[in-house]
Every structure is written in C-alpha cells, then in structure tokens.
Amino acid sequence: MKTTLAMVQKALVGEIVMTMELEMLSNSIFNNQVPSAWAGVGFLSLKPLASWINDCNDRIDFLDSWIENGTPIKFWVSGFFFP
C-alpha cells in the first residue's frame, strides 16, 4: 500500500508515467473502493475503502498488542478472517 500510494502521488504530479495500473488504483481510491491490487493481498471485505482502512488499522493494532502484551484474554475472531 505504501509503495503504490507513493507511486500514484508521483504520477499525479508528473514525476513518473501514469500507467494503466496506477490509473485504476487512483480511480478506485477516488471512488472509495478498495483497489484490486490491495484486495488481492489484503483481507476479504465488502466494505468501502474508508471502512476497509479503519478495519485494517484495527487488525494491525490487535496483532501488535498481541505481540507486545502476550496472548489476549479475549480474541477478535473476525479480525483473523472475514466470516
């Protein structure tokens, strides 16, 4: 995500050539849809992009707290997969 977002920003200001993949990515972001490049490697969800990003951040926070604080008392089951 970090790399593709940086590439889209560079393409939008004309620093690199806007490829079809970058254009599709930027269109998806503009339309509040999860880009297919991210959906292919991320978790399955039918949510729009803004909610998907919030959910992704929550999942990362959950796993980070698990690493830092040990096994949690309760688990966020849907954080592991999309039921």
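Using a Förster radius of 25 Å, what is the FRET efficiency between ILE67 and PHE43 based on their Cβ-Cβ separation? Nearest 0.05, please.
My answer for the efficiency is 0.85.
With Rg and the Kirkwood Rh both taken from Cα atoms, where does Rg over Rh land for segment 16-83?
Rg/Rh: 1.10.
Once you put a point 7 Å from the Cα of LYS74 and another 7 Å from the Cα of GLU21, both along the Cβ direction, what distance in nm separates them?
Label-label distance for LYS74 and GLU21, simple model: 4.2 nm.
To the nearest 10 degrees, how steeply does helix 2-13 sit against the main Cα axis of the chain, on a 0 to 90 scale?
20 degrees
Test of understanding: in a Gaussian network model of the chain with alpha carbons linked when under 10 Å, which of SER65, SER26, SER45 would top the mean-square fluctuation ranking?
SER65
If a/c stays under 1.5 just call it rounded; otherwise compare a/b with b/c (prolate if a/b is bigger, oblate if not). Do that for segment 44-83, with a ≥ b ≥ c from the square roots of the Cα gyration tensor eigenvalues.
Taking the square roots of the gyration eigenvalues as a ≥ b ≥ c, segment 44-83 is oblate.
If one puts a single equal scatterer on every Cα of segment 1-42 and applies the Debye formula without solvent, what log₁₀ I(q)/I(0) results at q = 0.28 Å⁻¹?
Each listed q corresponds, in turn, to -1.01.
About the Cα centre, and with charges only on the beta carbon of Lys, Arg (+1) and Asp, Glu (-1), how big is the dipole of the chain? Nearest 20 debye, please.
120 debye
When the helices in the chain are scored as -39500 (n - 2.57) per DSSP H run of 4 or longer and the sum is shared across all residues, what 222 nm value do you end up with, to the nearest 500 deg cm²/dmol?
Mean residue ellipticity at 222 nm (helix-derived): -18000 deg cm²/dmol.
No value in this document is a laboratory result; all are computed from the given coordinates. These numbers come from a predicted model, not from an experiment. Neighbour counts run over all protein chains shown; Cβ positions are idealised from the backbone, glycine included.
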